[in-house]
Amino acid sequence: MSHKKILSALVRNHPGVLQRVSGLFYRRGYNIETISACATENPKFTRITMVVLTNDELEMSQIIRQLSKIQDVRRIAILDSGKSIYSELMMVKFRVEPENRTAFLNLTFRNHMNVVYMGDSSAIVTASGAPDDLDETLEKFSDYPIIEQTRTGMSAMEASDRPFVEMDDAEFIN
């Protein structure tokens, strides 16, 4: 049985670094459920967050060892659900007929969703939060058919006062 683990990797902000990280997963046959990358508060670094499906702790430790061998990887953390904050963005286009528009808008308001487009027979909404919470929210909209949906993948951050990016690591920054 596979378990989901959330990895956060701090890497140099160089061209091709995301390809090198994802290529390692491909070559080793590991499965990434979601992956997202963005610049950090220090433009020399990129943070890559991955939801990894793994069979056991031995496989997880092997993944971390392999990632650590990539020259551009500075730091890797497994984010524990009890000590981290998780969120993703979801955009959903629903079929909303004019006669149901008021009820739909009330439902979006009660579920803290933002309506970003209202057409003649459809609406696009956005919401952010923990993936399980977003799934539960979608269930409440069962009266409105989903036309299309997209989700960003997981973003995660350790709930602590420590920074993930250490600014004083001169040998890595150069």
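The values are calculated or read from the model by the stated rules, or taken from the named source; none is laboratory data. Quick caveat, the model's predicted, so the values are computed rather than measured. Here the Cβ positions follow ideal geometry from the backbone for every residue, glycine too, while neighbour counts run over all protein chains shown. To get the accessible areas, we keep the full protein, side chains included, count just its heavy atoms, and leave off ligands, DNA and RNA. Shrake-Rupley method; radii C 1.70, N 1.55, O 1.52, S 1.80 Å.
Please work out the Kirkwood hydrodynamic radius for segment 72-137, using every pair of different C-alpha atoms, and report it in angstroms with one decimal place.
13.9 Å
Using only alpha carbons, build the gyration tensor for the chain and give me the equivalent ellipsoid semi-axes, biggest first, whole Å.
Taking √(5λ) for each eigenvalue gives 37, 18, 15 Å, largest first.
At residue 14 and residue 152, where each label point lies 7 Å from the Cα along Cα→Cβ, what is the point-to-point distance in nanometres?
If labels sit at residue 14 and residue 152, their model points lie 2.7 nm apart.
Going down the table (93/140; 5/140; 4/44), which pairs top 20 Å between alpha carbons?
5/140; 4/44
With charges only on Cβ, +1 for K and R and -1 for D and E, what is the dipole size of the chain about its Cα centre, in debye, rounded to 20?
600 debye
For segment 36-174, which whole-number percentage of the solvent-accessible area (1.4 Å probe, protein heavy atoms only) is attributable to carbon and sulfur atoms?
50 percent
Using the basic label-point model (7 angstrom from Cα toward the beta carbon), what is the residue 57 to residue 101 distance in nanometres?
5.7 nm
Just the accessible area per residue of the chain, please: how many Å² with a 1.4 Å probe?
Here the residues of the chain average 60 Å² of exposed surface.
Modelled label-to-label distance, residue 38 and residue 2, 7 Å Cα→beta-carbon offset: nm?
Modelled inter-label distance: 2.5 nm.
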